[in-house]
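Please read the structure below before turning to the comments.
The values are calculated or read from the model by the stated rules, or taken from the named source; none is laboratory data. Computed from a predicted model, the values in this text were never measured in an experiment. Virtual Cβ from ideal backbone geometry, glycine too; neighbours counted across all protein chains shown. Side chains included, ligands, DNA and RNA excluded: accessible areas come from the protein's heavy atoms. Shrake-Rupley method; radii C 1.70, N 1.55, O 1.52, S 1.80 Å.
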Protein chains: 2
Amino acid sequence: MSKIRQNLTNETLIANLKGENIKEYLHLITVDPHVSGTLNNKKVGKKILNLWKKNGLENVHFVEYTVLLSYPDYENPNRVSILDADQKILYQSNGTSPVILPKEQSDPDAAIQWIAYSAPGEVEGEIVYCHYGRLEDFERLKKLGVELEGKIAMIRYSHGFRGDKVAFAQKHGAIGVILFSDPAEVAQEGIDAAHVYPNTEWMPEGDAQRGSVMLTDGDPLTPLTPSKPDLYTSRTIEDAISVGILPKIPVLPLSYRDAYEIIVRLSGKPVPPEWQGGLDVTYRLGPGFREAGTKVKMDVKAKYEKREIRNVIGYIQGEYEPDKYVILGNHYDAWGYGSLDPNSGTAILAEVARAFVQTINETNWKPARTIMFCNWDAEEYGLIGSTEFVEEFEKELNQRAIIYLNMDLISANNTFDAATIPSLYQTMIDVAKKIPNPMESEIKRGRETVYDTWIKTFPSNSEKYPHFPKMKVPGGGSDHAPFLNFVGIPVVDFRYRNATWDEYPLYHTLYETEFTNEHIFDTNNFAVHRAVGQFWAEMARVFADSPIIPFNITIYADNLLNVYAEQLVKDIDPLKHRYPEAEDARKQLTNLIKNCREFVHRCHQLEQKIQISQKSNSNFKDNIEAAAISNKLMAVERCFINVYARPDAPAKRHLLYSVSDKDSYASSVMSAVYDALDTLVHAKTDETKIAAGKELAKQISYIQSGVQCATNTISNYI
Amino acid sequence: MSKIRQNLTNETLIANLKGENIKEYLHLITVDPHVSGTLNNKKVGKKILNLWKKNGLENVHFVEYTVLLSYPDYENPNRVSILDADQKILYQSNGTSPVILPKEQSDPDAAIQWIAYSAPGEVEGEIVYCHYGRLEDFERLKKLGVELEGKIAMIRYSHGFRGDKVAFAQKHGAIGVILFSDPAEVAQEGIDAAHVYPNTEWMPEGDAQRGSVMLTDGDPLTPLTPSKPDLYTSRTIEDAISVGILPKIPVLPLSYRDAYEIIVRLSGKPVPPEWQGGLDVTYRLGPGFREAGTKVKMDVKAKYEKREIRNVIGYIQGEYEPDKYVILGNHYDAWGYGSLDPNSGTAILAEVARAFVQTINETNWKPARTIMFCNWDAEEYGLIGSTEFVEEFEKELNQRAIIYLNMDLISANNTFDAATIPSLYQTMIDVAKKIPNPMESEIKRGRETVYDTWIKTFPSNSEKYPHFPKMKVPGGGSDHAPFLNFVGIPVVDFRYRNATWDEYPLYHTLYETEFTNEHIFDTNNFAVHRAVGQFWAEMARVFADSPIIPFNITIYADNLLNVYAEQLVKDIDPLKHRYPEAEDARKQLTNLIKNCREFVHRCHQLEQKIQISQKSNSNFKDNIEAAAISNKLMAVERCFINVYARPDAPAKRHLLYSVSDKDSYASSVMSAVYDALDTLVHAKTDETKIAAGKELAKQISYIQSGVQCATNTISNYI
């Protein structure tokens, strides 16, 4: 039996994945738009449940929560009007996206352009152009002498999470926010029909990016606890608004056709050169329009509603270690039809599940550990389904989960890409090397595997590990976040994408329908979808079946010492003379480096033990030593969960990888340390400097504790 | 092999425990006084280390911390003087305990009477008699019109933790505190020589109870993090004083001979009848003395010092599940020679370790799981060694620890007694029934086992479980506390004691030397010590060897529903009409009861599964089902750890069993719920009532989450 276990790769499981099934499942799921909390989405959940059951997963069931969602008025779209001094309408947006392929896009609800958790209301005022709406953009505006107080902020998508943009604008006094996608980002080859959808993947003029602007993960009314109807709801909507998690001002998204009507009228100085967008007009800062008395009116119909959401959960129970879980996750709720985000992933996940069951039925193999399949709901609103699930099952996940493999969507066919943590780098490339390249054009260029295109597109930035493609740290923005940040479970967030840009032009538009997958970027019988599924399945199998879990913690420790800590030295050392308040922090940093060295040393010892163990017994069964080593390897990441380090942000518990407060999408390392450093260099008084210096020392000391825990946990005894 | 595993009881392991070894080890350890942080205690640590190594434990090593301790001036004892109006000394205590058995008690350092963490200093003032110094006593004083502000509080030991007494006195304005043991507690048969030590176990006139008055567990300067020299120390001594963890006023203990000199002079009204103590004089409240101008001067020499402490750790590695730990713990630091507290336990622990190794060497048996032996340092100062250890190894303990078995001391020979949680009740009595009664007098009365005397002395208070002796919930006061409160590890704290009184007269006196063990209460070749060791060893074996860990969670669930929740209903229901603010809480309570019922139901299902599993495979090896069930059983207690429920007291993380703020020694159930209830019924304004009502609902909801987690965790899947 162990022979089958070792040799299964490529021969059976991977071959069993079929593109035509993915295509069929994609159609099944994306035939209607399915925003979370709607009847349509309930139907999709049910379809997935039935599909998984039919395909043989065990114990397939819903895990439900009642959470605060937000909806537009489907009868009365949100509108932006340009009014003259007599309140006469000079221009009005119609608030809906034009249907281009009626066969796939005809549900009127899907056309509505809106932003989830916008405050409802009408506001009138002058426009200020705020570029990307980042903190530095608002600071720049101030320096340029443009006041946002009482004005409507016009903000360009890209370069950050839209929720942060809105929060910054609100903080600077804006009474409303208009978000738009600039052709400079979404129609880079030109806005004429030939160069946009449905002829290319670039965004056509009439659509707009939907999305949520909530500034937290999970239900805003039940922080840190699951939103189950029988538990106490500690927050009201008013509480959530007053703590800044939900905006108190109206927000809406606008197409670039509509945005043009505003930008072309703007008065004020021309924007700084790098702020100029792709519309054929000189962008100006405002405030207001050249024509006296004209202004903008935003009319946002929005309502908060508590609704039921349903995660779909299913299993393949492990043969020897049923209490150890390898978790595969994707969400199924979408802003529209969702054929890219997220149902390219949903369809693949269903096929991965089916292929596993088929393989089990056709061979005498079963995975040694349990494989858990998760299809999340309400991800789009703020990772709600997965966050509530992690809050409810935190203890079980802490004890049982080995790895969480997230695949949200495929957005293009250029290359594989992954965000993960260093202990997974080696296994990631080992698996990617096994997966045939889905693009014939790439194979023709000699790149036969997924890995080959990947390393070519994102070459290593490490001299020591030239064979590792550049992999980012997992940020927020998809369902892996609570698994890593809240519980300390190693995660991978992977996809196929374009080579140059993290987003994609049709993101959250009406045009995420099957046509796009099938005719725009995966024209070869869903070969890209299939390859992604093969990667997913093989990753799951490797983690479910290897007697010693393939976490390479030596690489993890090496990164801690030679990348993270080294960078911190570079950032803190220059403060030596200017900031005597950082003296304690510098001492802790010296100690941290010692701790990291000790960790590296201990990892090398363990590695030798692993090699000997693997030689002497490659079976899963009766392999007490492998089980003991696996327990230690699994425990390492948990060491970096610290529930006390950030009392102000209690959900951000990972010392190394929790997301920065400044950009909820971005990934960062040791964000609490860097926040303290930031506070120190911006402190104005001696008292605040001393406090910031103490905080910095304390935060570094927390990291030390994590490293010491990791070192202890892989030792023979405590 | 499994046959030996099952039948080992009584035949080998228990028989291998020898009273003469315990006697020898006790002598070895108690030959010198050994306060934590002193050279003497370092020597004791080393002796234990060597003894364990010699006796065959594996990987015996120190785990060291550098922590804030406190010492007297050994050259200049603390003194209380009674001064007349001209500052002439009318009486002065000498601050030392009289040596009674010079052979065992001659080290002058041991005679010093002092209180750890007292502030240093001299204060002069009038005395107010404050009875037991409980909150209600200070309130009573107020009602009686006696003002404590600027006075010295004279407080009787007993009925609560001395640290709380001092904190309450300080809060009420006292400038110093004198603690004394009243003959009503410590010399109940009379204070004449015939009725006190060394002729009996009652306290003679010249000694006083030593102890710590720190109001936290663990090093006061490094809350929640281990006190390792390379980590950052977040608090200063001044911080610790200003947050109220260390007193800012001087404190000293006084013998009842010295206390008499004060009490006999007191003016003011006679105390309420129940406040009258056992000295032959009418106790008066004060303030001050009858003779005008006389007052009391306290002169306390105390110093804070950072010193090294050393826990001793050793192992017997498990054969099949080396990563699961059964932990046995006792501390070895003492206020004096420590022959009762704690070295009666230390000697037994060493013998338990030796007997295990002997048994392993003589048979072909080894425990399936790892047994870990812990000898803590600095327990007396505030559970410092164990708390720092739990802080440092929290993650490992969370993952690995099955049970923590604490035995601090034996204080008398009357009966076995234990504090534990309901899931352990059944195994406790199963094991106690296997241990022969060490008292011949009891055997003569037909009580042949430890259990027989135990159930006779502390009969059940449950109709449903008449065979369970009354077992208290584990409170603070010994090293089990951080294991249960901080990590959620099931604990037992057990001892032999007298039948009527939780403390013992010679507690923390100079007279805790071998003579007391050997000639006062365990005269039959250390039979009581041996029986306690046999219980300890057999408990450890049962938890290390049973394929399914013997936690009875059905009894746990039943207690939750029918004892804890039922009591809460009784306490909250009467508020229905007077407190509409408790409406949400009453709703949550109804939900809680439903949750508990579901938990009970699920426990019954699991129980059936356990029975079937035990019938079909009683082996440890290859018993995947037993391992899976054990993992679930082990996970239940962890469900009641909630790091968010008490942001004001972050170390008190156990929803059910964390200790009340009002008495750091006492055990209580759901203390945060009851604290919220208390706040509600004492609230004066509508606003505070509403806030308290919300807090109450929220706290009950946290308990629900714990019960739901427990229910989920024992299910087949999440």
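B:PRO198 - would you say it is open to solvent by 50 Å² or more (accessible area, probe 1.4 Å), on the phi < 0 side of the Ramachandran plot and either without any contact (Cβ under 8 Å) to a residue 60 or more places away in the chain or not aliphatic (A, V, I, L, M) (or both)? Spelling it out, it is not the case that B:PRO198 is open to solvent by 50 Å² or more (accessible area, probe 1.4 Å), on the phi < 0 side of the Ramachandran plot and either without any contact (Cβ under 8 Å) to a residue 60 or more places away in the chain or not aliphatic (A, V, I, L, M) (or both). Here A:TYR674 meets the list (1) within 30 Å of A:GLU321 (Cβ to Cβ); (2) among the hydroxyl-bearing types (Ser, Thr, Tyr); (3) in contact (Cβ under 8 Å) with a residue 12 or more places away in the chain; (4) open to solvent by 30 Å² or more (accessible area, probe 1.4 Å) almost entirely, failing just condition (1).
Tallying residues that are within 13 Å of another protein chain (Cβ to nearest Cβ), assigned to a helix (DSSP H, G or I) and either open to solvent by less than 60 Å² (accessible area, probe 1.4 Å) or without any contact (Cβ under 8 Å) to a residue 12 or more places away in the chain (or both) within region A:606-646 yields 14. The selection criterion, being open to solvent by 20 Å² or more (accessible area, probe 1.4 Å) and either of a type outside the set (Asp, Glu) or modelled with pLDDT of 95 or more (or both), does not hold for B:THR453.
Screening A:GLU463 with (1) without any contact (Cβ under 8 Å) to a residue 60 or more places away in the chain; (2) in a helix (DSSP H, G or I); (3) out of contact with any helix residue (DSSP H, G or I) (no Cβ under 7 Å at 6 or more places or on another chain); (4) within 28 Å of A:LEU655 (Cα to Cα) gives one miss only, at (2). Hey, any hits in region B:437-448 for a residue that's at pLDDT 95 or above, assigned to a loop (DSSP other than H, G, I, E, B), hydrophobic (A, V, I, L, M, F, W, C) and within 30 Å of B:ALA651 (Cα to Cα)? No, there is no match, as no residue in region B:437-448 is at pLDDT 95 or above, assigned to a loop (DSSP other than H, G, I, E, B), hydrophobic (A, V, I, L, M, F, W, C) and within 30 Å of B:ALA651 (Cα to Cα).
Looking for whichever is in contact with a Ser or Thr (Cβ under 8 Å, 6 or more places away or on another chain), crowded, with 16+ Cβ neighbours inside 10 Å and either more than 14 Å from chain A (Cβ to nearest Cβ) or hydroxyl-bearing (Ser, Thr, Tyr) (or both) here; the options are B:TYR657, B:TYR579. Which one fits? Unique residue meeting the criteria: B:TYR657.
Here A:GLU503 passes the criteria (1) crowded, with 23+ Cβ neighbours inside 10 Å; (2) closer than 22 Å to A:ALA347 by Cα except the one numbered (1).
In the set (1) among the β-branched types (Val, Ile, Thr); (2) at the interface with chain B (Cβ under 8 Å from one of its Cβ atoms); (3) in a loop (DSSP other than H, G, I, E, B), the condition left unmet by A:VAL669 is number (2). Among the criteria (1) over 24 Å from A:ALA645 (Cα atoms); (2) crowded, with 21+ Cβ neighbours inside 10 Å, the one A:ASN414 does not fulfil is (2). With respect to (1) among the acidic types (Asp, Glu); (2) farther than 29 Å from A:TYR25 by Cα; (3) part of a loop (DSSP other than H, G, I, E, B), the lone exception for A:GLU391 is condition (3). Among the residues of region B:135-163, the ones that are open to solvent by less than 50 Å² (accessible area, probe 1.4 Å) and among the charged types (D, E, K, R) come to 4 in all. Can you say whether A:GLY706 is within 14 Å of another protein chain (Cβ to nearest Cβ), open to solvent by less than 50 Å² (accessible area, probe 1.4 Å), touching a residue at least 12 places away in the same chain (Cβ under 8 Å) and touching a Pro at 6+ places or on another chain (Cβ under 9 Å), as far as the supplied structure shows? Against the criterion (within 14 Å of another protein chain (Cβ to nearest Cβ), open to solvent by less than 50 Å² (accessible area, probe 1.4 Å), touching a residue at least 12 places away in the same chain (Cβ under 8 Å) and touching a Pro at 6+ places or on another chain (Cβ under 9 Å)), A:GLY706 does not qualify. Among the residues making up region B:284-333, those that are of a type in the set (Lys, Arg) and away from chain A (no Cβ under 14 Å) are B:ARG284, B:ARG290, B:LYS295, B:LYS297, B:LYS301, B:LYS303, B:LYS306, B:ARG307, B:ARG310. In region A:436-450, what residues are of a type in the set (A, V, I, L, M, F, W, C) and surrounded by fewer than 20 Cβ atoms within 10 Å (Cβ to Cβ)? If the condition is that a residue be of a type in the set (A, V, I, L, M, F, W, C) and surrounded by fewer than 20 Cβ atoms within 10 Å (Cβ to Cβ), then A:ILE443 is the only one that fits. Restricted to region A:284-317, and to residues that are in contact with a helix residue (DSSP H, G or I) (Cβ under 6 Å, 6 or more places away or on another chain) and either open to solvent by 10 Å² or more (accessible area, probe 1.4 Å) or part of a loop (DSSP other than H, G, I, E, B) (or both), which residue is nearest to A:CYS130 (Cα to Cα)? If we take residues in region A:284-317 being in contact with a helix residue (DSSP H, G or I) (Cβ under 6 Å, 6 or more places away or on another chain) and either open to solvent by 10 Å² or more (accessible area, probe 1.4 Å) or part of a loop (DSSP other than H, G, I, E, B) (or both), then A:TYR304 is nearest to A:CYS130 (Cα to Cα).
Determine whether B:ALA649 is within 23 Å of the chain's Cα centre (by Cα), small (Gly, Ala, Ser) and either within 11 Å of another protein chain (Cβ to nearest Cβ) or open to solvent by less than 70 Å² (accessible area, probe 1.4 Å) (or both). Against the criterion (within 23 Å of the chain's Cα centre (by Cα), small (Gly, Ala, Ser) and either within 11 Å of another protein chain (Cβ to nearest Cβ) or open to solvent by less than 70 Å² (accessible area, probe 1.4 Å) (or both)), B:ALA649 qualifies. State yes or no: is A:ILE348 over 28 Å from A:LYS165 (Cβ atoms), out of contact with any Lys or Arg (no Cβ under 7 Å at 6 or more places or on another chain) and not assigned by TED's automatic domain parsing to the domain that holds A:SER227? Yes. Only one entry of B:LEU252, B:LEU231 meets the criterion of being touching a strand residue (DSSP E or B) at 6+ places or on another chain (Cβ under 8 Å) and either more than 30 Å from B:VAL390 (Cα to Cα) or assigned to a loop (DSSP other than H, G, I, E, B) (or both), and that entry is B:LEU252. Screening B:VAL128, B:VAL123, B:VAL166, B:VAL186 for residues that are outside the structural domain of B:GLU518 (by TED's automatic domain parsing), within 18 Å of B:SER97 (Cα to Cα), β-branched (Val, Ile, Thr) and buried (at least 18 other Cβ atoms within 10 Å of the Cβ) leaves exactly one candidate, B:VAL186. Go through the residues of region A:201-208 one by one and say whether even a single one is surrounded by 20 or more Cβ atoms within 10 Å (Cβ to Cβ), over 24 Å from A:VAL390 (Cβ atoms), modelled with pLDDT of 95 or more and touching a strand residue (DSSP E or B) at 6+ places or on another chain (Cβ under 7 Å). Yes, region A:201-208 contains at least one residue that is surrounded by 20 or more Cβ atoms within 10 Å (Cβ to Cβ), over 24 Å from A:VAL390 (Cβ atoms), modelled with pLDDT of 95 or more and touching a strand residue (DSSP E or B) at 6+ places or on another chain (Cβ under 7 Å). Yes or no: B:PRO204 within 14 Å of another protein chain (Cβ to nearest Cβ) and touching a residue at least 60 places away in the same chain (Cβ under 8 Å)? No; evaluated as a whole, the condition is false for this residue.
Screening B:ASP258 with (1) in contact (Cβ under 8 Å) with a residue 60 or more places away in the chain; (2) surrounded by fewer than 21 Cβ atoms within 10 Å (Cβ to Cβ); (3) within 30 Å of B:LEU279 (Cα to Cα) gives one miss only, at (2). Sort through A:GLU512, A:GLU538 and tell me the only one that's out of contact with any helix residue (DSSP H, G or I) (no Cβ under 6 Å at 6 or more places or on another chain) and either outside the structural domain of A:PRO102 (by TED's automatic domain parsing) or open to solvent by 10 Å² or more (accessible area, probe 1.4 Å) (or both). Residue meeting the stated conditions: A:GLU512. Taking (1) under 15 Å from B:PHE535 (Cβ atoms); (2) of a type outside the set (Phe, Trp, Tyr); (3) part of a loop (DSSP other than H, G, I, E, B) in turn, B:ASP452 satisfies each apart from (3).
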